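No lab work stands behind these numbers, since they all come straight from the coordinates. Note that this is a predicted model, so its numbers are computed, not measured. Cβ atoms come from the backbone with ideal geometry, glycine included; neighbour counts cover every protein chain shown.
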Amino acid sequence: MQKHVPTHDEALSLFKEFNESESLLKHAYRVEGVMRYMARKAGEDEEKWGIVGLMHDLDYERFPEQHCKKAREILEGRAWPEEYIRAIVSHGWGICSDVEPQSNMEKTLYAVDELTGLITAVAIIRPSKSVADLEAKSVIKKWKDKAFAAGVNRQVIDKGAEMLGVEVRELVTDTIMGMREVADKIGL
């Protein structure tokens, strides 16, 4: 079967076919925005990285017990390129997938997925309820409070930053910058 490089519209349509949750769509937009920002910063393919970010939780709403596994099945069935599929599956490494992130795109997705949740939690408790005026120091301060956004796996973020060879503070700053670019879409 000929591999099909998906367009953004095709990816978004497929995501919406499998997900109805507004919060999951906003999470997908957050990760997409960050992935696009990081791709530009790294001189990589922004469209590819963005689509991978958008689609990373494709199977989460409908198949939470088969997260990452079902995504592979769905995307292979639609002849998506292995590079996209592997990146999407690798974001669950050590949690629901045994595919270790290897490429820069995979490591970035792994590192920023959880981090977007922490940054969102910090942004919504601020008076502005926005990422526009959010700085890394505020996120790092809340990071240390393990009771705050307790569902965010800080070890994954740490490991992701380490894989990318960056300090957590730099990763936080870049993630905030990426989220600012989609602030209207994500309501922050």
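What 222 nm value per residue comes from the helices of the chain, counting each DSSP H run with n ≥ 4 as -39,500 (n - 2.57) and dividing by all residues, nearest 500 deg cm²/dmol?
Helix contribution divided over all residues of the chain: -19500 deg cm²/dmol.
Using the Cβ atoms and a cut-off under 12 Å, what net charge is assigned to the surroundings of Glu22, where Lys and Arg are +1 and Asp and Glu are -1?
So the surrounding residues net to +1.
Answer with one residue from Ser21, Met179, Ala150: the one whose Cα lies farthest towards the positive end of the charge dipole of the chain, charges on Cβ with Lys, Arg +1 and Asp, Glu -1.
Sorting the options by dipole projection puts first Ala150.
Tell me which lysines have Cα within less than 18 Å of Lys185's Cα, excluding those fewer than 8 residues away on the same chain?
Lys16, Lys26, Lys129
Just to confirm my numbers, what's the Cα centroid distance between the stretch 31-54 and the stretch 115-151 in Å?
That distance is 22 Å.
Could you pull out the pairs from Lys70/Lys159; Lys107/Lys144; Lys69/Lys137 whose alpha carbons sit more than 28 Å apart here?
Exceeds cut-off: Lys69/Lys137.
If you rank Thr173, Thr116, Thr7 by fewest surrounding Cβ atoms within 10 Å, what's the result?
With the sparsest Cβ surroundings first, the list reads Thr7, Thr173, Thr116.
Taking K and R as +1 and D and E as -1, what net charge do the other residues with C-beta under 15 Å from the C-beta of Gly187 add up to?
+2
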